[in-house]
Amino acid sequence: MSHQVALSFEDGVTRFVTCAEDQTVADASYRARINIPLDCRDGACGTCKAFCESGEYDGGTYIDDALSDAEAEEGFVLPCSMRPRSDLVLQIASTSAVAKTQAASYTGEVTRLDRLSPTTVALSLKIPDRDKLTFLPGQYVNIAVPGTDQTRSYSFSSAPGEDELSFLVKITPGGLMSDHLTGVAAVGDSVTFTGPLGSFFLRETARPALLLAGGTGLAPILAILRKLRDDAIERPIHLIYGVSTDDDLVELDAIEELAAQLPGLTWDYCVSDPGSSAPNKGYVMSLIQPEHLHEGDAAVYLCGPRRWSSRCVSTSPTPA
Ligand SMILES: Cc1cc2nc3c(=O)[nH]c(=O)nc-3n(C[C@H](O)[C@H](O)[C@H](O)COP(=O)(O)OP(=O)(O)OC[C@H]3O[C@@H](n4cnc5c(N)ncnc54)[C@H](O)[C@@H]3O)c2cc1C
Ligand code: FES
């Protein structure tokens, strides 16, 4: 039996390798021509030490100098010794450049270009080599703006298992990609992108989750919810979706549908424009109630516009 191992590099690049149960992660990476840090390849030096974000594995044999019991307890692993027992997500203590790998490039075709509202466009793509693209819900790609040497980043709103790749784009008037999508692009156009990228993605724990989405920050949150739906996960989840104006309010039907499919999902939304017709006027933070935090046990995923500082962050555990 084989499993997918996500190797998440320090520069945000993620590469996936297929690893058999009797194979070490280091061997699978080497066969995929990804040079993760390695020296002894025998659990003796600690050079390959990585952090396992999620998944089950057999840690293999190694000496305490390479990995202490306390480190193993925290989730650190040695890829040269470990063998997967499920799909895994590993943080690799290196950049993709050092590992001589890079985000892969794909070319596909626009299959949907819908103006959902005056400010937001839904974009869908199909690529011929869809089986070669694996991503984690929450990740993004860099899409080339046709006719230029520029790229712009967009988060998947579709789940990793869906054939079509979907995105939500907020139109910035005068913006390069925005003007292209609203004035030039059409269904059938060729599109090139690289990815997947980003360390914002769903961590597979049973903890309750609080999802905060601002504007088209809803896209990665939808990908997370769709993945949870596809896996029939029942952990308690509360979504708060906030936008600036009624025009920015999109995909309410999609959220409603997800709430009907995901028994653990509750949700609410707000619009900050005082003239809005929405029942809740204000910002996302104003709708957070103490029970949504589950006495500090909730994993919080936040993705929003630039003024929310970093576009997407989560409170899931990462190594010190
Ligand atoms: C990791 C990541 C993920 C992203 N995911 C999405 C996504 O899923 N959906 C989405 O709509 N956007 C997303 N963005 C933003 C997106 O990449 C572009 O920046 C945005 O679409 C504007 O591109 P443009 O070419 O139309 O405008 P540009 O030509 O890049 O910009 C035009 C002008 O608008 C300003 N500007 C650009 N973007 C913003 C902004 N967000 N807020 C305020 N001013 C801005 C620029 O500084 C410039 O002055 C993401 C950005 C990052 C870094
Ligand atoms: S390479 Fe030496 S412990 Fe893994």
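The values are calculated or read from the model by the stated rules, or taken from the named source; none is laboratory data. Bear in mind that the values here come from a model prediction, so they are computed numbers and not experimental data. Here Cβ is always computed from backbone atoms with ideal geometry, including for glycine, and neighbour counts include all displayed protein chains. Keep in mind that these areas ignore ligands, DNA and RNA; they rest on the heavy atoms of the full protein, side chains included. Shrake-Rupley method; radii C 1.70, N 1.55, O 1.52, S 1.80 Å.
Pairing each residue of the stretch 184-212 that is on the phi > 0 side of the Ramachandran plot with any residue that is surrounded by fewer than 21 Cβ atoms within 10 Å (Cβ to Cβ), provided the two are 6+ apart or on different chains, yields C-beta distances under 7 Å for 188/109; 188/110; 195/103; 195/142; 198/12. Of all residues in the stretch 89-111, those satisfying the criterion of being in contact with a Leu (Cβ under 9 Å, 6 or more places away or on another chain) and either without any contact (Cβ under 8 Å) to a residue 60 or more places away in the chain or aliphatic (A, V, I, L, M) (or both) are 89, 90, 92, 99, 103, 104, 110.
If only residues of the stretch 1-47 that are in a strand (DSSP E or B) and within 16 Å of ligand 1 (Cβ to nearest atom) are counted, the one that is nearest to residue 73 (Cα to Cα) is 8. Only residues that are surrounded by fewer than 17 Cβ atoms within 10 Å (Cβ to Cβ) and in a helix (DSSP H, G or I) were counted in the stretch 230-253, giving 5. No other residue among 50, 103, 122 is within 19 Å of residue 4 (Cα to Cα) and within 16 Å of ligand 1 (Cβ to nearest atom) apart from 103. The number of residues in the stretch 153-162 that are surrounded by fewer than 19 Cβ atoms within 10 Å (Cβ to Cβ) and either more than 14 Å from the chain's Cα centre (by Cα) or more than 7 Å from ligand 1 (Cβ to nearest atom) (or both) comes to 2. For residues in the stretch 65-74 being over 23 Å from residue 4 (Cβ atoms) and within 13 Å of ligand 2 (Cβ to nearest atom), which is surrounded by the fewest Cβ atoms within 10 Å (Cβ to Cβ)? So the residue we want is 65. In summary, residue 114 fulfils each of the numbered conditions (1) in contact (Cβ under 8 Å) with a residue 12 or more places away in the chain; (2) in contact with a Leu (Cβ under 9 Å, 6 or more places away or on another chain) with the single exception of condition (1). Filtering the stretch 258-296 to residues that are surrounded by 14 or more Cβ atoms within 10 Å (Cβ to Cβ) and free of Cβ contacts under 8 Å to residues at least 12 places away in the same chain leaves 259, 281.
The criterion of being within 16 Å of ligand 2 (Cβ to nearest atom), open to solvent by less than 30 Å² (accessible area, probe 1.4 Å) and under 28 Å from residue 58 (Cβ atoms) holds for residue 77. On the stretch given as the stretch 214-229, residues that are within 12 Å of ligand 1 (Cβ to nearest atom) and open to solvent by 10 Å² or more (accessible area, probe 1.4 Å) total 2.
From the set of residues in the stretch 167-213 that are open to solvent by 20 Å² or more (accessible area, probe 1.4 Å) and among the hydroxyl-bearing types (Ser, Thr, Tyr), which is farthest from the chain's Cα centre (by Cα)? So, considering only residues that are open to solvent by 20 Å² or more (accessible area, probe 1.4 Å) and among the hydroxyl-bearing types (Ser, Thr, Tyr), the one farthest from the chain's Cα centre (by Cα) is 182.
For residues that are open to solvent by 10 Å² or more (accessible area, probe 1.4 Å) and touching a Leu at 6+ places or on another chain (Cβ under 7 Å), scanning just the stretch 124-141, find the one that is farthest from residue 102 (Cα to Cα). Within the stretch 124-141, the match that is farthest from residue 102 (Cα to Cα) is 127. When each of 169, 141, 191 is tested for being touching a helix residue (DSSP H, G or I) at 6+ places or on another chain (Cβ under 8 Å) and not in a loop (DSSP other than H, G, I, E, B), the lone residue that passes is 169.
If the condition is being outside any strand (DSSP E or B) and open to solvent by less than 10 Å² (accessible area, probe 1.4 Å), then the stretch 97-111 contributes only 99. Based on what the data block shows, is residue 15 at positive phi and touching a helix residue (DSSP H, G or I) at 6+ places or on another chain (Cβ under 9 Å)? Spelling it out, it is not the case that residue 15 is at positive phi and touching a helix residue (DSSP H, G or I) at 6+ places or on another chain (Cβ under 9 Å).
Screening residue 114 on (1) in a strand (DSSP E or B); (2) closer than 30 Å to residue 54 by Cβ; (3) away from ligand 2 (no atom under 16 Å from the Cβ); (4) open to solvent by 10 Å² or more (accessible area, probe 1.4 Å) shows it passes everything except condition (2).
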